[in-house]
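Down below is the structure, laid out as structure tokens.
No lab work stands behind these numbers, since they all come straight from the coordinates. Everything numeric here is computed off the predicted structure, so don't read it as measured data. Positions of Cβ are backbone-derived with ideal geometry, glycine not excepted, and every protein chain shown enters the neighbour counts.
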Amino acid sequence: MRFLLKLIFWLVILGIIAVLAIILVPAHRSRPIAQLPENYQSAEGRGQYMAIMADCAACHTGNSAQPFAGGKPIDSPFGKIYASNITPGKRYGIGNYSLEDFSAALRDGLRPDGSHLYPAMPYDSYRKLTDEDIVALYDYFMHNVQPVEQPVQKTALVFPFNQRWGIRLWNWLVLRPETGFTPPYNNAKLDRGAYIVEGPGHCGACHTPRDIIFRQKGFDASSPLYLTGSAVGGWSAPDLRGANSALAGWTDDDLKFYLTTGRNHYSSAAGPMNFAIRESLQYLKSEDIDAIVAYLQHIQTKAGPQQPVRDAGSTIAMLTKAEPSMPLGARLYLDNCGACHFVNGLGAPEVFPRLDGAAIVNAEDAAGLIYVILQGSRLPSTALRPEDLAMPGFAWRLSDEEVSELVNFLRTAWTNNAAPVTAEKVAKIRAQPYVD
Amino acid sequence: MAIQQKKKNVVIVGLGWTGSIVGLELAREGYDVLAIERGHDRNIVPNWSYPTTADELKYALRLEEMEKLSNTTVTIRRSLSDTALPYRQLGSFLIGTGVGGCGAHWNCQTWRAHPEEFHLRSYVEKTFGEQIIPEDMTIQDWGVSYNELEPYYDFFEKVAGVAGEAGNIKGHKTGEGNPFEAWRSNTYPMPGGGVTYHGKLFAQAAKSLGYHPFAFPAAIATQSYTNPYGMQMGPCNYCGYCERFGCLNYSKGSPQMCVLAAAKRHKNFQYITRSEVLRIEKSANGETVSGVTYIDPEGREIFQPADMVVLASFQMNNVRLLLHSALGQPYNPQTNEGVIGRNYAYQINVGSATAFFKDKNFNPFIGTGANCMALDDFATNRIDFAKEGFIGGVRIDCNQTNGQPNRSLPLPTGTPAWGAGWKQAIGDWYGRNLGLGLHGSCMSYRDAYLDLDPTYKDKYGRPLMRMTFNWHENDIKLAQFGSARQEEIVKALNPDSYNLRRMQDNEPYDATAYQTTHTVGGAIMGENPQNSALNRYLQHWDYHNLFVPGANAYPQNLEQNPTGTVGALTYWMVAAIKNNYLKNPRPLV
């Protein structure tokens, strides 16, 4: 008995020491930036290009008049996280960061004082950035970005998520020991594509499912679940590899066109993907997009159970007949959607996206579809397709019950096959509109 | 003292079709371009969102997308001895405003002119003799030929997304489309969309009389379409809300759908709205203009200097701004001297036939602005002017544009105008009729012109535009000729009954009734600075850095709708500016 008490006592002491150590002993940074040749200079524009590719502005630019001055709230499952000011301002920005400090933020999620960044910052992906690209980014932020001396709102999550030291444990479990990028394919194009997708492009941050501790199930194609679909803020980030891959049937050209213009023969980007194309992907070099396309096509597995194919004919017949007795959802479709998306749900190439078979319609979580119905969606203006084609929102016109009826029609119309939603869900989404 | 802005390379007055095209084309060349639009900014979403734009009362009757006549109107008189009065209601032309201009609310009927129409006076004199031209008829040659304009027609059709069947490709008759059209280098960029039941009946009847009906071309997409600027259109759903409405479906060719987003991508293209240009200012050298003075939304007067000014507003406003700015000698109908305001012309549209069928249902709500069969057998170059006693051509057509309850409920003659009998007739006849229209050229005359009104002023204290116009014998004969052809076709349709509206002898012009809306001239192009305001490149004869594209340049009106030719002339002008003028600014003629 005494022995047991003693043991418990020492275990508690040990635990306290361990926790104190986790809190107090400075976290370890990954390896320093490798020795680059003397007088190493990033190529002109490389840093800016990498900042666009990594889409730093997506989170760190809250106000377009003050690029990278932070302040934008990022919705996480744990609360709002405010992106920091990463201009070279010395007081509120990162003007005092050394190259190694900067590298530690990107690869280890560490601030110069050793405290932890929230993993809303995708350092688990940026860890793959090459030394050259980190140097280029550092030069860009230090020399080409205007300093903005302005504080951002402090992130204040609820307990226990406000205890940043806890992230140290998470990092132990999540971060791979190696940093930088080791080309796996022995093929320059595939390797370039893998680097962009897995590293700076951080596609997996949305498109890879996460486990119970919110860790991505894989950071490269060797993990079977990598890029097999997840959700972000209610928007589905569809499977890009498996049997029901959103890319199934897309040619290389279809995929390239989608990534550079936000639209193609089948689909139009909405929600966070629309944002990624608007702010980042449309500006990538043609050969980089080609590399992304080659890589994504290369890693198709077609694994997993395929959705049974249903017959679209009965929906088309019902909508064409337009009997007054048809279900409310079908009538709402004809009154609100059919003008552009047509009775066959196929829309028109590059202009009106397909609804039959669309990932957004069949997503496990229908929130993205509901956002679009309520708020509408606008494509970005891009070099190849300058027109910001827009769908109007229908929030002013359709009640929660009507939206749910319409959504439930869409999710079983034509060949679609997804579970119904409730009017309560629509009401919740209506109360908290999507902001990108 | 006006506030002075930093100088721009190019200032464009008005952001409709012509202003948008010039803006994009010159921004692409790297010039600093500023467009100044008096109306509001407009885009498909939110301004024309589905389904809010399908509102007949708001847009078709209360004319929400048009200039409010309480801001600016026109005074109108029929002869030199009358006193013109300001109009509070207009029907025969509707003055657009806002980004996109009239290109936002048009019906998209897109035609080319016949080659003879560009040298009409020479053609008439050579073919029929000078003596058939009445003494007071002031028709002129344009100074540009069809062959010169053909590539620019072709390009505009690609930009605006015109659908239709070609009838004559480089002289080869295709057996489809309009067999009497001028040669074209290419087919239309999209195939035609077909017409509804009314058109099939009309075509049968017309063919039985030996005529050549065809579905006519329109800038309405029949499929997904991408134009040379990468701008996109989606297939039309025949909702029946074209004319007077912005398109809710990305289907109508308009500056918004075909040009503006591409222009906005250029940082050197800027535009401001709710800013009205008061006048164009002259340079001290007397050979150029120095910029424009406008009123901004806060009511401040602002001078915007520019190397070059493109006056691209509505036809009438172009003429009016030239008069307000004293750029060119105002026309004097007594002496037939002066050029600004000269050769105003309207268009012949008075004459219609409505055929009623008890046993046919046309589903009139299925329509577009150009869901239309037409025949061009009576084109300008196919009529013996000496024999018929008029100069010009006329098209007969059968269009089903909409089934709207206020505008589209024709009833047989003799139906009570209200009460139970009227209600009964609405039930009996809704959707059971088809209508034939006519559309003909209009000549210009010494006593048809535009000048500044001596009495009435706008809210800025500027004189209103005064229009002096009435039908002449030539117009009435042409309209009556067209009505006679209509009646033959209506009889061949064998309806239960039909109404005819035929222009009467000595019938006066009525500006409050809807007609074609195609108002032209007043700052015309030509070969001679004595009788035209602009040279063949739409460049002002006296101020070489001022260009004035638009229907104001027509010396007399065409047989067909004007937008195709306005587009072609604009690209012709843009080519001269880009390839010739900007390298060495000077009078190009």
> Tally Lys/Arg at +1 and Asp/Glu at -1 over every other residue whose Cβ is under 13 Å from the Cβ of A:VAL351; what's the total?
Replying inline: 0
> Where nothing but the Cβ of Lys and Arg (+1) and of Asp and Glu (-1) is charged, how large is the charge dipole of the stretch A:188-298 around its Cα centre, in debye to the nearest 20?
Replying inline: 240 debye
>> Can you tell me the mean projection area, over all orientations, of the convex hull of chain B's alpha carbons? Units nm², please.
In response: 25.5 nm²
>> Report the gain in length on full extension from B:ARG501 to B:ASP55: 0.36 nm times residue separation, minus Cα-Cα distance, nm rounded to one decimal.
In response: 157.8 nm
>> What three numbers, in Å, describe the spread of the alpha carbons of the stretch A:218-273 along their principal axes, ordered from the longest?
In response: 29, 26, 18
> Mind listing which chymotrypsin sites (Phe, Trp or Tyr not before Pro) in the stretch A:382-436 are in a DSSP loop and have 13 or fewer other Cβ atoms within 10 Å?
Replying inline: A:TRP396
> Hey, which aspartates and glutamates would be in cross-link range of A:LYS425, C-alpha to C-alpha under 14 Å, not counting anything within fewer than 8 residues on its own chain?
Replying inline: A:GLU364, A:ASP365, A:ASP400, A:GLU401, A:GLU402, A:GLU405
> With Rg and the Kirkwood Rh both taken from Cα atoms, where does Rg over Rh land for the stretch A:313-431?
Replying inline: 0.96
> Taking the Cα centre of the stretch A:188-298 as the origin and placing charges on Cβ (Lys, Arg +1; Asp, Glu -1), which of A:TRP235, A:ALA294, A:LEU247 is farthest toward the positive end of the dipole?
Replying inline: A:TRP235
> Rounded if a/c is under 1.5, else prolate if a/b is larger than b/c, else oblate: which is the stretch B:351-489, with a ≥ b ≥ c the root eigenvalues of its Cα gyration tensor?
Replying inline: oblate
> With a ≥ b ≥ c the root eigenvalues of the C-alpha gyration tensor of the stretch B:261-380, is it rounded (a/c under 1.5), prolate (a/b larger than b/c) or oblate?
Replying inline: oblate
> Using unit Cβ charges (K, R positive; D, E negative) and no other charged atoms, how large, in debye to the nearest 20, is the dipole of the stretch B:494-589 about its Cα centre?
Replying inline: 600 debye
>> Take chain A, mark every one of the GluC sites (Glu not before Pro) that falls in a DSSP loop and has at most 13 other Cβ within 10 Å, then report the longest stretch left between them, sites excluded.
In response: A:179-363
> What average number of partner chain Cβ atoms lie no more than 10 Å from the Cβ of the residues making up B:40-52?
Replying inline: 4
> Taking only DSSP H segments of four or more residues, each worth -39500 (n - 2.57), what value at 222 nm results for the protein assembly as shown once the sum is divided by all its residues, to the nearest 500 deg cm²/dmol?
Replying inline: -8000 deg cm²/dmol
> How are the C-alpha pair distances of the stretch A:112-220 spread across 10 Å bins, as whole percents from the shortest bin up?
Replying inline: 12, 36, 35, 16, 2
> Given R₀ = 22 Å, FRET efficiency for A:LEU157-A:VAL25 by Cβ-Cβ distance, to 0.05?
Replying inline: 0.40
>> Using DSSP H assignments, which helices in chain B have an axial alpha-carbon span of 18 Å or above and a mean Kyte-Doolittle hydropathy of 0.0 or higher?
In response: B:563-576
> When only C-alpha pairs under 8 Å and at least 6 residues apart count, what is the relative contact order of chain B, in percent?
Replying inline: 22 percent
>> Below 20 Å, Cα to Cα, which lysines can B:LYS457 reach? Residues fewer than 8 away in the same chain don't count.
In response: B:LYS68
> Rounded to whole Å and sorted largest first, what semi-axes of the equivalent ellipsoid does the C-alpha gyration tensor of the stretch B:115-227 yield via the square root of 5 times each eigenvalue?
Replying inline: 30, 21, 12
> Using only the Cα atoms of chain A, what do you get for the radius of gyration and for Dmax, in Å?
Replying inline: 24.1, 84
>> What does DSSP give for the protein assembly as shown in terms of the percent of beta bridges that are antiparallel, rounded to the nearest 5?
In response: 70 percent
> Setting aside same-chain residues fewer than 8 positions from A:LYS189, which aspartates and glutamates have a Cα under 19 Å from its Cα?
Replying inline: A:GLU132, A:ASP133, A:GLU198, A:ASP220, A:ASP252, A:ASP253, A:ASP254, A:GLU287, A:ASP288, A:ASP290
>> My understanding is that a pair violates if its Cα-Cα distance is over 27 Å; which of B:LYS6/B:LYS578; A:LYS72/A:LYS256; B:LYS267/B:LYS459 do that in this structure?
In response: A:LYS72/A:LYS256; B:LYS267/B:LYS459
> Once the dipole of the protein assembly as shown is set up with Lys and Arg at +1 and Asp and Glu at -1 on Cβ about the Cα centre, which of B:LEU24, A:ASN39, A:ALA348 lies farthest towards its positive end?
Replying inline: A:ASN39
> How crowded by other chains is A:381-394, given as the mean number of beta carbons from other chains within 10 Å of each beta carbon?
Replying inline: 6
>> Looking at the stretch B:3-581 only, what percent of DSSP beta bridges run antiparallel? Nearest 5 please.
In response: 70 percent
>> Less than 12 Å Cβ to Cβ from B:TYR581, Lys/Arg counted +1 and Asp/Glu -1: what total charge do the surrounding residues give?
In response: +1
> Past the 23 Å Cα-Cα mark, which pairs from B:LYS8/B:LYS282; A:LYS217/A:LYS285; B:LYS200/B:LYS358?
Replying inline: A:LYS217/A:LYS285
> Which of the trypsin sites (Lys or Arg not before Pro) found in the stretch A:229-298 are loop residues per DSSP with 16 or fewer other Cβ atoms within 10 Å of their Cβ?
Replying inline: A:LYS285
> PRE reach from B:ASN147 (point 7 Å along Cα→Cβ): which of the stretch B:373-401 fall under 18 Å by backbone N?
Replying inline: none
> What's the percent breakdown of Cα-Cα distances in the stretch A:188-298 across 10 Å bins, shortest bin first?
Replying inline: 15, 51, 32, 3
>> For peptide B:224-235, what's the mean number of Cβ atoms from other chains within 10 Å of each residue's Cβ?
In response: 5
> Is the stretch A:1-142 best put as rounded, prolate or oblate by its Cα gyration tensor, with a ≥ b ≥ c the root eigenvalues, rounded for a/c under 1.5, and otherwise prolate when a/b is larger than b/c, oblate when not?
Replying inline: prolate
> Label B:GLU130 and B:GLU487 with points 7 Å out from Cα along Cα→Cβ: what is the distance between them in nm?
Replying inline: 3.8 nm
> When only Cα pairs under 8 Å and 6 or more residues apart are kept, what is the percent relative contact order across chain A?
Replying inline: 12 percent
> Among B:ILE524, B:VAL99, B:ASN349, which residue has its Cα positioned farthest towards the positive end of the charge dipole of the stretch B:3-581, with +1 placed on the Cβ of Lys and Arg, -1 on the Cβ of Asp and Glu, and the dipole taken about the Cα centre?
Replying inline: B:VAL99
> Which loop trypsin sites (Lys or Arg not before Pro) in the stretch A:371-436, with loop taken from DSSP, have no more than 13 other Cβ atoms within 10 angstrom of their Cβ?
Replying inline: none
> Using a simple charge model, +1 on the beta-carbon of Lys and Arg, -1 on the beta-carbon of Asp and Glu, nothing else, what dipole does the stretch A:313-431 show about its Cα centre, in debye to the nearest 20?
Replying inline: 80 debye
> In terms of the ratio Rg/(2.2 N^0.38 Å) built on C-alpha atoms, what value belongs to the protein assembly as shown?
Replying inline: 1.10
